[in-house]
Amino acid sequence: MAEPTQQVHYIQPAVLQQFVHRILTGNGVSDEHAKVITQCLVQADLRGVDTHGSNRIPSYMKRIRQKVLNPSATPQLQQVTPAAAIVDAQNGFGFVAAHMGMQKAIEMAQVFGIGLVSVKHSNHFGMSAWLVQQAIDAGMMSLVFTNSSPALPVWGGKSKLMGVSPIACGAPAGKERPFILDMAPSVAARGKIYKALRRGEKIPTEWALDAEGNMTDDPAKAIEGVMLPMGGPKGSALAIMMDVFSGVFSGSAFAGNVTGPYDPSKAADVGHFLVAIKPDLFMGLDDFKSRMDYLYQRVVGSDKMAGVERVYYPGEIEQITHEKRLVEGIPFTEAEIKGLNEEAELAGVKKLNYV
């Protein structure tokens, strides 16, 4: 890949949080909801998932201006059974509806051992790992599914139909790091294509095809084409699974009818599916945590293949990045800062100062 062609500036997390919060409230988002959204976006930045962090703000604000995302929407929660509920996001921010949904799933799991929440009529909710972390902070295991706009062909097809919808799950541990899996069914997340485009970088040729079906290292051509599924038919099947549990099950858009976060033409109608599970259902909590710690030790202590310095546990690299960026700051290119400051100017709020 090409090296970044722009100078990088490091922004302290607290400064970034205040800035993002100002833009959100300046666009009609309540203080309470802005706090949730800001926390989720900056968490992604801290974990190194820059594709799902604060750089998403311009696309979200454009959708507000085009009146296809309601910044003041209040999600409506309905209890379906003692252990299941549904949230109608009312076309508001996916962060807010998903946060409410996971909170409810955790509450039900604390009483019944498991809590299931379906979310309908939602929008992009950023990095799935923040919802997994919300469950871990409450001592819960979790499953987090969402569907998304067409970007991936089904195996054997050639046109966009399924989303690169992430599958995420997690479990708390004792003394070791928790297990956090957050992955797309494509070779790479689509957000990485947009990130490369913003930064003037090329992409690996195995990530996507252009509109003519050729491999490309040009992110602009990749956006016009299709993403490639990981593992061939396996990645394709996972994408369909996300559509079943998130779109079909919730009553939201599915089968290629979800509107993308960069498309300001109409409401997204995204669906999510959230599950919280009490980890001590079948054994004592101390025993469960001890077993999770043993699993971690076995994984990272594995015999390493040639050329590998360290074996990482799922989610560990992001947790290490989080710890590093809390101290060093979060990197942004000048083009990214310019895009964010243009939103600040439109909202009539103080710009991001990186000097």
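The values are calculated or read from the model by the stated rules, or taken from the named source; none is laboratory data. Predicted model, so just to flag it, every value in this text is computed and none were measured. We place every Cβ from the backbone using ideal geometry, glycine too, and count neighbours over all the protein chains shown.
Structure notes:
- The single condition from (1) part of a loop (DSSP other than H, G, I, E, B); (2) surrounded by 19 or more Cβ atoms within 10 Å (Cβ to Cβ); (3) out of contact with any helix residue (DSSP H, G or I) (no Cβ under 6 Å at 6 or more places or on another chain) that L116 fails is (1).
- Scanning the stretch 259-278 for residues that are surrounded by fewer than 17 Cβ atoms within 10 Å (Cβ to Cβ), under 19 Å from the mean Cα position of the chain (by Cα) and among the polar types (S, T, N, Q) yields a total of 0.
- Single condition A276 does not satisfy, out of (1) assigned to a loop (DSSP other than H, G, I, E, B); (2) under 30 Å from Q110 (Cβ atoms): (1)
- Hits in the stretch 141-172 - residues which are surrounded by fewer than 24 Cβ atoms within 10 Å (Cβ to Cβ), in a loop (DSSP other than H, G, I, E, B) and β-branched (V, I, T): V154
- In the stretch 203-216, the qualifying residues are those that are of a type outside the set (S, T, N, Q) and surrounded by 18 or more Cβ atoms within 10 Å (Cβ to Cβ), and the one that is modelled with the highest pLDDT is I203.
- Test: residue in the stretch 214-230 that is hydroxyl-bearing (S, T, Y) and in contact (Cβ under 8 Å) with a residue 40 or more places away in the chain: no
- When D45, D137 are checked against the criterion of being among the charged types (D, E, K, R), free of Cβ contacts under 8 Å to residues at least 12 places away in the same chain and under 25 Å from Q18 (Cβ atoms), a single residue qualifies: D137.
- Among the conditions (1) modelled with pLDDT under 95; (2) in contact with a strand residue (DSSP E or B) (Cβ under 6 Å, 6 or more places away or on another chain); (3) of a type in the set (D, E, K, R), the only one that K120 does not satisfy is (1).
- Residues of the stretch 296-320 that turn out to be under 24 Å from M127 (Cβ atoms) and in contact (Cβ under 8 Å) with a residue 40 or more places away in the chain, as a count: 8
- Here the condition is being among the aliphatic types (A, V, I, L, M), in a loop (DSSP other than H, G, I, E, B), out of contact with any Lys or Arg (no Cβ under 9 Å at 6 or more places or on another chain) and surrounded by 21 or more Cβ atoms within 10 Å (Cβ to Cβ); of V29, V20, it holds for V29 alone.
- Within the stretch 190-202, tally of residues that are surrounded by fewer than 22 Cβ atoms within 10 Å (Cβ to Cβ), within 23 Å of M127 (Cβ to Cβ) and not basic (K, R): 3
- For the stretch 305-355, a residue qualifies if it is touching a Gly at 6+ places or on another chain (Cβ under 9 Å), under 21 Å from Q18 (Cβ atoms) and of a type in the set (V, I, T), and the qualifying residues are I330, T333, V349.
This table checks each residue for (1) surrounded by fewer than 18 Cβ atoms within 10 Å (Cβ to Cβ); (2) farther than 20 Å from D50 by Cβ.
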residue: D280; (1), (2): yes, yes
residue: V308; (1), (2): yes, yes
residue: G315; (1), (2): no, no
residue: I320; (1), (2): yes, no
residue: L340; (1), (2): no, no
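- Residue within the stretch 288-301 that is within 30 Å of F245 (Cα to Cα), among the charged types (D, E, K, R) and surrounded by 13 or more Cβ atoms within 10 Å (Cβ to Cβ) present: yes
- Filtered residues of the stretch 33-68 (kept if part of a loop (DSSP other than H, G, I, E, B) and in contact with a His (Cβ under 9 Å, 6 or more places away or on another chain)): R47, G48
- Unique match (being farther than 27 Å from S252 by Cα and surrounded by 18 or more Cβ atoms within 10 Å (Cβ to Cβ)) among G94, G48: G48
- In the stretch 125-135 there is no residue matching the filter, namely being assigned to a strand (DSSP E or B), more than 12 Å from the chain's Cα centre (by Cα), crowded, with 18+ Cβ neighbours inside 10 Å and among the aliphatic types (A, V, I, L, M).
- When restricted to residues that are among the hydroxyl-bearing types (S, T, Y) and touching a helix residue (DSSP H, G or I) at 6+ places or on another chain (Cβ under 8 Å), the stretch 254-284 contains 1.
Residue-wise test of (1) farther than 20 Å from A97 by Cβ; (2) in contact (Cβ under 8 Å) with a residue 40 or more places away in the chain; (3) not basic (K, R).
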| residue | (1), (2), (3) |
| --- | --- |
| S122 | no, yes, yes |
| F125 | no, yes, yes |
| A129 | no, yes, yes |
| Q133 | no, yes, yes |
| S142 | no, yes, yes |
| F145 | no, yes, yes |
| S148 | no, yes, yes |
| G157 | yes, no, yes |
| V164 | yes, yes, yes |
